[in-house]
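**Student:** What follows is a single structure, and I will ask about it in a moment.
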Amino acid sequence: MVTEQQVYDALREVHDPEIPVNIVELGLVYGVAVEDGKTVRVTMTLTTPGCGMAQQIAMSAKQSVLKVPGVEQAWVTVVWEPRWDPSRMSPAARQKLGMA
């Protein structure tokens, strides 16, 4: 059975190409749901609605989740509400970006 932790660990491998921090630490992942032990739904956002890398980042997230043993299907939904802001970043991300 797939766990949320396994999914979050996989998503830590995904980076916004313009920011050297993974999407989990950036606070872009709003939620992970594991259904029937093998289907994963990820709800995420991006730092800005105009991000030209939106499709690439979402596809990278999906591909990373599909690599988790036991995952048969993965769905990634990009939402714009609530809007992302820097307060969603982890302390480690803030430090890495010189914002701490």
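The values are calculated or read from the model by the stated rules, or taken from the named source; none is laboratory data. Owing to the predicted nature of the structure, the values given are computational and were not obtained by experimental measurement. As a convention, Cβ positions derive from the backbone with ideal geometry for all residues, glycine included, and neighbour counts pool all protein chains shown.
**Student:** Just give me the residues in region 83-94 being more than 22 Å from C51 (Cα to Cα) and at pLDDT 95 or above, in sequence order.
**Tutor:** Matches in region 83-94: P91 only.
**Student:** Regarding region 27-46, can at least one residue be identified that is buried (at least 19 other Cβ atoms within 10 Å of the Cβ), out of contact with any strand residue (DSSP E or B) (no Cβ under 9 Å at 6 or more places or on another chain) and not polar (S, T, N, Q)?
**Tutor:** Among the residues of region 27-46, at least one is buried (at least 19 other Cβ atoms within 10 Å of the Cβ), out of contact with any strand residue (DSSP E or B) (no Cβ under 9 Å at 6 or more places or on another chain) and not polar (S, T, N, Q), which makes the answer yes.
**Student:** Go through (1) over 16 Å from P17 (Cα atoms); (2) not in a loop (DSSP other than H, G, I, E, B); (3) not hydroxyl-bearing (S, T, Y) for W80 and report which single condition fails.
**Tutor:** (2)
**Student:** Please state which one of A10, A100, A74, A61 is in a helix (DSSP H, G or I) and either loosely packed, with under 12 Cβ neighbours inside 10 Å or out of contact with any Ser or Thr (no Cβ under 7 Å at 6 or more places or on another chain) (or both). Steps first, please.
**Tutor:** Details: A10 fails: either loosely packed, with under 12 Cβ neighbours inside 10 Å or out of contact with any Ser or Thr (no Cβ under 7 Å at 6 or more places or on another chain) (or both); A100 fails: in a helix (DSSP H, G or I); A74 fails: in a helix (DSSP H, G or I).
After applying the criteria, what remains is A61.
**Student:** Next question. If I ask for residues that are within 15 Å of V24 (Cα to Cα) and exposed (fewer than 13 other Cβ atoms within 10 Å of the Cβ), which ones from region 78-94 would you list?
**Tutor:** D85, P86, S87, P91, A92
**Student:** Is it fair to say E4 is surrounded by fewer than 18 Cβ atoms within 10 Å (Cβ to Cβ) and touching a strand residue (DSSP E or B) at 6+ places or on another chain (Cβ under 8 Å)?
**Tutor:** Working: surrounded by fewer than 18 Cβ atoms within 10 Å (Cβ to Cβ): yes; touching a strand residue (DSSP E or B) at 6+ places or on another chain (Cβ under 8 Å): yes.
Against the criterion (surrounded by fewer than 18 Cβ atoms within 10 Å (Cβ to Cβ) and touching a strand residue (DSSP E or B) at 6+ places or on another chain (Cβ under 8 Å)), E4 qualifies.
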